[in-house]
Amino acid sequence: MDSNLPIGAASPDAADSEKSHRWYPEGTHITIRGLTKRFQDATIYDDFDLDIPKGKIVSVFGPNGCGKSTLINMISGILPYDAGQILFEGKEARDTRIGYVFQNYREAVFPWMRAIDNIRYPLQYLDIAKGERQARLDRLVESFEVKFDLNRYPYQMSGGQQQLVSIMRALVVDPEVLFLDEPFSALDYEMVMFLRERLQKVLTERQTTTMLVSHDLDEAVLLADEVLLLTKRPTRVAENLPFDVPRPRTADTTLSPAFITTKTRALEIFQREVRKP
Ligand SMILES: Nc1ncnc2c1ncn2[C@@H]1O[C@H](COP(=O)(O)OP(=O)(O)O)[C@@H](O)[C@H]1O
Ligand SMILES: [Mg+2]
């Protein structure tokens, strides 16, 4: 098959049309074609195309209100769209294991459940044996080196601990794709450093396809394999910058020439985009 053929392109052979409709470029996990989204009279996305690579971390960065949350909400299946197609290796969102971490952990964790029961909660929807469920939970607690008592209720935990619980709840199902919407924006610096480090380790080990929205350019670059820079509305991809320095990346990474080069480039593109009339 012609490797430049976009998904959704008309197939020369009608009998083959369903197959070509679901074709995706090799190494791509999420394929977005012709995506259109309007809120009342505001067009956020108009005929928007994007490929998200498999097993990589993509940071999403762009002007305030450009539609970062809207984008990951549509991809993850939370929000409907007006036109277009979003597929995960040819599958629909409903046939894909998805994890989602909300910005506002206070609204995301269940206040009536202990931390451990919050984390365990999604496992009931998976068809796996009880022993395996416990084993998964134990592995996850170990990977995150959880130091506080998981029998606490959310009101007994700090904000960072609550967000850690909500991250672990998203990961316990071993999602194929993980979405995070500014997950660290309301937390203190020490907790942010810890969560970035742990999350990076788990995601790299598992090779989970990840889309992370961040309004902090340092964070967006630091955690990314690719930095997706968006324009003002109607939103386009301004640029997709690769960042491939080895992991684990730490606070020291932000001092390296490779980091500074990529961040400077991202900032130039961002400033050029926000200055456009
Ligand atoms: N449910 C909604 N109804 C109307 N407008 C919305 C709704 N959700 C978002 N918007 C608008 O769409 C634009 C993009 O929103 P959002 O995706 O939250 O931006 P970002 O996350 O990039 O800051 C904003 O102008 C916002 O006001
Ligand atoms: Mg947002």
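The values are calculated or read from the model by the stated rules, or taken from the named source; none is laboratory data. Note that the coordinates shown come from a computational prediction; the quantities given were computed from them, not determined experimentally. Note that we place each Cβ from the backbone using ideal geometry, even for glycine, and neighbour counts take in every protein chain shown. Just the protein is used for accessible areas: all its heavy atoms, side chains included, with ligands, DNA and RNA removed. Shrake-Rupley method; radii C 1.70, N 1.55, O 1.52, S 1.80 Å.
How far apart, in nanometres, would the label points at ASP218 and ALA186 be if each is projected 7 angstrom from Cα along the Cα-to-Cβ direction?
With each label point 7 Å from Cα toward Cβ, the separation is 2.2 nm.
Test of understanding: what is the full-extension gain from PHE39 to ARG206, defined as 0.36 nm times their sequence separation minus their Cα-Cα distance?
On the way: separation 167, 0.36 × 167 = 60.12 nm, distance 3.63 nm.
Once the chain is fully extended between PHE39 and ARG206, it gains 56.5 nm.
For segment 127-159, which GluC sites (Glu not before Pro) pass both filters: DSSP loop (anything but H, G, I, E, B) and at most 12 other C-beta atoms within 10 Å?
Sites meeting the loop and neighbour criteria: GLU145.
For the chain, take the longest principal axis of its alpha carbons; what is the angle in degrees between that and the long axis of helix 189-206, to the nearest 10 within 0 to 90?
Taking Cα atoms only, the helix is inclined about 70 degrees.
Once fully extended, how much extra length lies between LEU255 and TYR125, figured as 0.36 nm per residue of separation less the alpha-carbon to alpha-carbon distance? Write down the numbers at each step before the final one.
Working: separation 130, 0.36 × 130 = 46.80 nm, distance 4.36 nm.
Full extension of this stretch gives 42.4 nm more.
Ignoring any ligand, DNA or RNA, what whole percent of the accessible area of segment 75-231 comes from carbon and sulfur when the probe is 1.4 angstrom?
Percent of accessible area from carbon and sulfur atoms in segment 75-231: 47.
Given the pairs LYS54/LYS201; LYS56/LYS232; LYS54/LYS91; LYS232/LYS276, which are separated by over 19 angstrom at their Cα positions?
LYS56/LYS232
In degrees between 0 and 90, to the nearest 10, how far off the longest principal axis of the chain does helix 257-275 point, with axes built from Cα atoms?
The angle comes out at about 60 degrees.
In what order, largest first, do HIS215, HIS29 sit by accessible area if the probe radius is 1.4 Å?
Result of the area sort, largest leading: HIS215, HIS29.
Mind jotting down the distance between the C-alpha centroids of segment 60-88 and segment 151-190, whole Å?
The two parts, judged by their Cα centres, are 21 Å apart.
From the backbone phi of segment 64-78, what are the Karplus-calculated ³J(HN,Hα) couplings (6.51 cos²θ - 1.76 cosθ + 1.60, θ = phi - 60°) in whole Hz, Gly and Pro given as x?
4, x, 6, x, 5, 5, 4, 4, 6, 5, 5, 5, 7, x, 7
Please give the contour-minus-distance gain from ASP149 to ALA93: 0.36 nm per residue of separation, less the Cα-Cα distance, rounded to one decimal in nm. Numbers along the way, then the final one.
Numbers: separation 56, 0.36 × 56 = 20.16 nm, distance 3.46 nm.
Here the answer is 16.7 nm.
Enter the angle in degrees (range 0 to 90, nearest 10) between the Cα long axis of helix 130-143 and the first principal axis of the Cα atoms of the chain, meaning the one along which they spread out most.
In the chain, helix 130-143 runs at an angle near 90 degrees to the longest axis.
How about segment 116-186: which chymotrypsin sites (Phe, Trp or Tyr not before Pro) there lie in a loop by DSSP and see at most 16 other Cβ atoms within 10 Å?
Numbers: sites: TYR125, PHE144, PHE148, TYR155, PHE179, PHE184; in loops: PHE144, PHE148, PHE184.
Passing sites in segment 116-186 are PHE148.
Considering only protein heavy atoms, what per residue accessible area in square angstrom results for the chain with a 1.4 angstrom probe?
It amounts to 50 Å² per residue over the chain.
Rank these residues by their accessible area, most exposed first, probe 1.4 Å: SER166, SER143.
The ranking, largest first, comes out as SER143, SER166.
Per the helix-only calculation at 222 nm, which mean residue ellipticity applies to the chain, given -39500 (n - 2.57) for every DSSP H run of n ≥ 4 and division by its residues, nearest 500 deg cm²/dmol?
That comes out to -10000 deg cm²/dmol.
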